[in-house]
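Student: Provided herewith is a single structure, encoded as structure tokens, for subsequent inquiry.
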Amino acid sequence: MSDIETFRAETAAWLEANCPPEMREPVVDESDACWGGRNPTYKPGQKEWMDIMAEKGWTVPDWPKEYGGGGLSRAEAKVLGQEMGRLKCRSPLSSFGIWMLGPALLQFGTEEQKKHFLPQIARGEIRWCQGYSEPGSGSDLASLQTSAIDQGDHYVVNGQKIWTSYADKADWIFCLTRTDKNEKHKGITFLLFDMASEGVTTKPIKLISGASPFCETFFDDVKVPKSYGDGISSVVYEENKGWDVAKYLLGHERSMISGQGGSGGGSLGAKFADQIGRDEMGRLDDPMLRADLADIDIELLAFRAMAERFGDTFKAGLCHPAQPNMMKYVGTELNKSRYELIMTAGGSEVLEWESEATNGGLTARDWLRTKANSIEGGTSEVMLNVVSKQILQLPGA
Amino acid sequence: MPLFLNEDQQMLQDSAADFMKGEGDVAHFREFRDKNCKDGFSHDLWKKFAEMGFTGILISEDEGGLGLGHVEAGVVLEQIGRNLTPSPFLTTAVAGVEALNAGGQAMREKYFPGILSGDSVLAVAIDEGAKHRPDQISMAATREGNGFKLDGKKQFVVQGGSADTLIVAARTSGSAGDDKGLTLFAVDTSSDGLSRNSVRLVDSAVAAHVEFDGVIVDADAVIGEVDEGDAVLKRMLNAGRAGSAAETVGVGAGSMDITIDYVKGRKQFDKIIGTFQALQHRLSHLYSEMEVARATVLKAQQMLDEGSDKAELMISVAKAKAGKAAALSVKEGVQMHGGVGMTDEYDIGLYMKRDRALAEFMGDANYHTNLVAEMHGY
């Protein structure tokens, strides 16, 4: 047996032995996932699963071991993902620290920052949120106004962020602030601070889905130390160079969001044929709906191949640097189409907004949630602008 | 296996690209179209395909070929698509050879030397009507002496006019719609009772309507087993469909590239039209669709080479997705060229015509979408 196949067998056996049964049930929605943090709400099995995975470094399998990661090779991390998928093991920890801040620190952080912040993220001790958008700075993010004024050993932060995911539940924030008013892109600083600081308030925003995953976040003379001791700076990379970090992270966010298009596992058509009914040939008995479902099944399988190719070329350094924008565009548009069809196939039943039968209108709420996919992290239109300019090199784009 | 070309495949791509561009580009295509030659392609060029080793791409090394797989066949086909190179490569070296690979040693020894030397041209005779319906084959092959007698018609046999050998699917038992009862034959086109009516298609390729009027073939013309032709047919269709999907990606990519070049040069309202967001977003959408199609086709070919039992599903996904993406490419291409897109002088219209013909070959997007539903059990 090759090394990788030995690894696969051992991994599968370990997962079988250690994954709690509750953690092998599908995640219902974002609130059903394990987010960790200083004030966690754990459901049965979540903490055990997170802790035992963190002990192996497998909450962040491909991070280096010295920062709390698993130190796995690309191939091993892929195998772990495949085996977790096959055995239906949940992800042990959902975290903006893992998805976003971690990669930024690995790329731009100092050794002290990595040693301090990364293990906390890996163990799920600190829940992070992202302070990017502002009421006047959406697609044109670099026009942001939240200011951080240098006061010697600390900054004073004033301003407002919007669409801050789970700001009301987060412990710390990584935040884009303006440190130079005379520059646009070159006047932005990437700052880390505690959400428990005096002057930070959050206000959840009620969405069309009824849920409030996003907040408005207000900073009123928030004092942010320049150093957290032991050479741990609150600034990632350098003052006024935060846009480099932000751009890098947007790339990550885009590829992360794009992955949603391919999620959801099996054939939609097969699932709905069982629910809706079949003709004497065994075909879904609504021919137009059947055709639409087959179209989406094709798009989902095609996108899965694209995601695999994107991942492989990305890791091998063969992928165009702007390709995550294309992935984000395709993946989010596909996810929206998928949910439109899920609503159509579900008929009147999925319209029930509060009843127990629909788990409180879960499908309808998810459908509405998907509409944000092509807005958050850069709109589809911005993605197409980036592809036009950077990949197709169209003039004036 | 990572989902991108390895170093060897990359080298093959480079040499196929140089070859098609150098020997079989659009100017070459126009030359053969305009001289109205009976076969629609250059036999000299086909000989050069053979010298490059391309005709033996799916023939084993022991038998004198390159012993490569469907990924590599696709690499060559994408370049054929990009350059609109007229050749019988898809029907001969991909679909035809894959059918013969299911045949016995004597059969392979009989046909492979001619294919390897570029002297032989093969065509596949499946369809009996305007739409691809391989499950509805009704042409009869009845036992006669030591062999079979073929009666019936095959339609739209691409390269059927120039082929010396046809791979023919006929019914030895059962009736249209039955899984079993098909048999595949390798039939010499000079056989008594076989007549061909060549027709030029919209893309200037030549197809033949073939009539079999009591054509007698030996038992050793049977590929595989009598009444068990469905397996051989499936193998040939898988190869042909994956291959045509790869060529389709080439057509779509070629069309997209010349369109992007065009909008970068054309000025209206004192501006390069490529600066207009109305065009930029559509081109970026097209680029995205082509990227997804390319990944899907490569995935299908890798699965076919690995012998995956899900390969057939992915091939239909690839044929449908590549078909839709390339159709978008040629339609946007003509529209963005504006008036000159309607002229014969500009190449974009040639891509549109080629795409239309390829889309129909071995099943269009609708056909394969239906297959995907069936394979998913709905």
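Student: Pairs of Cα atoms under 8 Å, at least six residues apart: use those to get the relative contact order of chain A, whole percent. Let's see the in-between values first.
Tutor: Numbers: 655 pairs, mean separation 45.5, N = 397.
Relative contact order of chain A: 11 percent.
Student: When the Kirkwood hydrodynamic radius is evaluated over all pairs of different C-alpha atoms of region A:356-397, what value in angstrom, to one decimal, is obtained? Could you put the intermediate results ahead of the total?
Tutor: On the way: mean 1/r = 0.0802 Å⁻¹.
One decimal place: 12.5 Å for the Kirkwood radius.
Student: Okay, next question. Where does chain B land at 222 nm, in deg cm²/dmol rounded to the nearest 500, when only DSSP H runs of n ≥ 4 count, each adding -39500 (n - 2.57), divided by all residues?
Tutor: For chain B, the value works out to -16500 deg cm²/dmol.
Student: Also, I was wondering about something else. For region B:34-48 and region A:40-61, write down the distance between their C-alpha centroids in whole Å.
Tutor: Centre-to-centre distance over Cα atoms comes out at 67 Å.
Student: Let me ask something additional. Using 7 Å Cα-to-Cβ label points, what is the B:Glu23/A:Leu362 separation (nm, one decimal)?
Tutor: My value for the distance between the label points is 6.1 nm.
Student: Using a simple spin-label model with points 7 Å from Cα along the Cα→Cβ vector, what separation in nm is obtained for A:Asp180 and B:Glu61?
Tutor: Simple spin-label model gives 6.0 nm for this pair.
Student: What are the radius of gyration and Dmax of region A:128-240, computed over its Cα atoms and given in Å?
Tutor: When restricted to the Cα atoms of region A:128-240, Rg and Dmax are 13.7, 46 Å.
Student: Could you work out, residue by residue across B:313-322, how many beta carbons of other chains sit within 10 Å of that residue's beta carbon, and then give the average as an integer? Could you put the intermediate results ahead of the total?
Tutor: Details: counts 4, 4, 0, 3, 8, 4, 1, 6, 7, 1.
Going residue by residue through B:313-322 and averaging, the value is 4.
Student: With all distinct Cα pairs included, what does the Kirkwood hydrodynamic radius of region A:1-94 come out to in Å, to one decimal, could you say? Can you show the working numbers first?
Tutor: Numbers: mean 1/r = 0.0730 Å⁻¹.
One decimal place: 13.7 Å for the Kirkwood radius.
Student: Could you work out how far helix A:3-18 tilts from the main Cα principal axis of chain A, as a 0 to 90 degree angle to the nearest 10?
Tutor: Helix A:3-18 and the main axis of chain A meet at about 90 degrees.
Student: May I pose another question? Compute the distribution of all C-alpha to C-alpha distances in region B:124-227, in bins of 10 Å from 0, and list the percent of pairs in each, rounded to whole numbers.
Tutor: Result, from short to long distances: 17, 51, 28, 5, 0 percent.
Student: Could I ask something else about it? Whole Å is fine, so just give me how far the alpha carbon centre of region B:68-144 lies from that of region B:259-312.
Tutor: Centre-to-centre (Cα) distance: 28 Å.
Student: Would you mind telling me the antiparallel percentage of the DSSP bridges in the protein assembly as shown, rounded to 5?
Tutor: Counting only bridges with both partners in the protein assembly as shown, antiparallel ones make up about 85 percent.
Student: Related question: Dimensions of chain A along principal axes (Cα, Å, largest first)?
Tutor: Computed over the Cα atoms, the extents are 79, 50, 47 Å.
Student: Does anyone have the angle between helix B:105-117 and the longest principal axis of chain B? Alpha-carbon axes, 0 to 90°, nearest 10?
Tutor: 40
Student: Give or take rounding to whole Å, what are the principal axis extents of the alpha carbon atoms in chain B, in descending order?
Tutor: Principal-axis extents of chain B (Cα, largest first): 78, 49, 39 Å.
Student: While we're here: Pop the C-beta distance of B:Asp34 and B:Asp135 into the FRET formula with R0 = 41 Å and round what comes out to the nearest 0.05. Please list the in-between numbers first.
Tutor: On the way: r = 39 Å, r/R0 = 0.96.
Rounded to the nearest 0.05, the efficiency is 0.55.
Student: I would also like to ask the following. Compute the FRET efficiency between B:Ser15 and A:Ser139 as 1/(1 + (r/R0)^6), taking r as their Cβ-Cβ distance and R0 = 45 Å, and round to the nearest 0.05. Could you put the intermediate results ahead of the total?
Tutor: Working: r = 45 Å, r/R0 = 0.99.
Here the calculated transfer efficiency is 0.50.
Student: Continuing with the same structure: Considering every pair of different Cα atoms, what Kirkwood radius, in Å, is found for region B:7-119? Intermediate values should be presented prior to the final figure.
Tutor: Details: mean 1/r = 0.0701 Å⁻¹.
About 14.3 Å, per the Kirkwood formula over Cα pairs.
Student: How big is the dipole moment of chain A about its Cα centre under a simple scheme where the beta carbon of each Lys and Arg is +1, that of each Asp and Glu is -1, and everything else is neutral? Debye, nearest 20, please. Show your work: numbers first, answer last.
Tutor: Details: 43 positive and 57 negative charges, 136 e Å.
Around 660 debye, computed over chain A.
Student: Quick one: if you take sqrt(5λ) for each eigenvalue of the C-alpha gyration tensor of region B:229-326, what semi-axes come out, biggest first, whole angstrom?
Tutor: Values: eigenvalues 264, 25, 14 Å².
Taking √(5λ) for each Cα gyration eigenvalue gives 36, 11, 8 Å.
Student: On a 0 to 90° scale, report how tilted helix B:277-306 is relative to the longest principal axis of chain B, with both axes built from alpha carbons and the result rounded to the nearest 10.
Tutor: The helix B:277-306 is inclined about 30 degrees to chain B.
Student: Could you give the length gained on full extension between A:Gln275 and A:Ala291, defined as 0.36 nm per residue of separation minus the Cα-Cα distance, in nm? Let's see the in-between values first.
Tutor: Numbers: separation 16, 0.36 × 16 = 5.76 nm, distance 1.62 nm.
Full extension of this stretch gives 4.1 nm more.
Student: While we're looking at this one, here's another question. Could you list A:Tyr166, B:Tyr351 in order of exposure, starting from the residue whose Cβ has the fewest other Cβ atoms within 10 Å? Mind showing how you got there, number by number?
Tutor: Values: A:Tyr166 22, B:Tyr351 29.
The most exposed by this proxy come first: A:Tyr166, B:Tyr351.
Student: Calculate the dipole size of chain B relative to its Cα centre from +1 charges on Lys and Arg beta carbons and -1 charges on Asp and Glu beta carbons; express the result in debye to the nearest 20.
Tutor: Values: 38 positive and 56 negative charges, 303 e Å.
About 1460 debye.
Student: For a label point 7 angstrom out from the Cα of A:Glu66 toward its Cβ, which stretches of region A:73-100 have the backbone nitrogen within less than 18 Å?
Tutor: A:73
Student: Now for a separate question. Using Cα-Cα distances under 8 Å and only pairs 6 or more residues apart, what relative contact order does chain B have, in percent? Please list the in-between numbers first.
Tutor: On the way: 739 pairs, mean separation 60.8, N = 378.
It rounds to 16 percent for chain B.
Student: Using the Kirkwood radius over Cα pairs, work out the Stokes-Einstein diffusion coefficient for region A:66-167 at 20 °C and 1.002 mPa s, in µm²/s as a whole number.
Tutor: On the way: Rh = 16.4 Å.
Answer, rounded: 131 µm²/s.
Student: Let's test the formula: R0 of 35 Å, r as the Cβ-Cβ distance of B:Glu7 and A:Glu111. What FRET efficiency results, to the nearest 0.05? Each step should come with its number before you reach the end.
Tutor: Details: r = 37 Å, r/R0 = 1.04.
Calculated transfer efficiency: 0.45.
Student: Given labels modelled 7 Å from the Cα in the Cβ direction, how far is it in nm from B:Val202 to B:Gln268?
Tutor: 2.4
Student: Here's a follow-up. Can you tell me the alpha carbon radius of gyration of region A:284-352 divided by the globular rule-of-thumb value 2.2 N^0.38 Å?
Tutor: Taking the Cα Rg and dividing by 2.2 N^0.38 Å, one obtains 1.42.
Student: Take every DSSP beta bridge whose two residues both sit in chain B, then give the antiparallel share in percent to the nearest 5.
Tutor: Working: 32 of 38 bridges.
So the antiparallel bridges in chain B amount to around 85 percent.
Student: Still on this structure: Could you tell me the distance between the Cα centroids of region A:98-113 and region B:335-354, to the nearest Å?
Tutor: One Cα centre to the other: 51 Å.
Student: If you don't mind, there's one more thing I want to ask. Once you compute Rg and the Kirkwood Rh from C-alpha atoms, what is the Rg to Rh ratio for the protein assembly as shown?
Tutor: On the way: Rg = 29.9 Å, Rh = 29.1 Å.
Result for the protein assembly as shown is an Rg/Rh of 1.03.
Student: Based only on other Cβ atoms within 10 Å, what is the fewest-to-most ordering of B:His70, A:His154? Don't skip to the end; give the middle numbers.
Tutor: Values: B:His70 28, A:His154 17.
With the sparsest Cβ surroundings first, the list reads A:His154, B:His70.
Student: In region B:126-260, what percentage of the DSSP-assigned beta bridges are antiparallel, given to the nearest 5? Intermediate values should be presented prior to the final figure.
Tutor: On the way: 30 of 32 bridges.
Here the antiparallel bridges make up roughly 95 percent for region B:126-260.
Student: Rank A:Thr217, A:Thr370, A:Thr41 by mean-square fluctuation in a GNM of chain A with C-alpha springs under 10 angstrom and give only the top-ranked residue.
Tutor: A:Thr41
Student: If I take every Cα pair under 8 Å that is 6 or more residues apart in region B:1-152, average their sequence separation and divide by the length, what percent do I get for the relative contact order?
Tutor: Numbers: 160 pairs, mean separation 33.5, N = 152.
Relative contact order of region B:1-152: 22 percent.
Computed from the coordinates by the stated procedures, all read-outs in this text should not be read as laboratory data. Treat the numbers as computed from the prediction; the structure is a model and nothing was measured. Neighbour counts run over all protein chains shown; Cβ positions are idealised from the backbone, glycine included.
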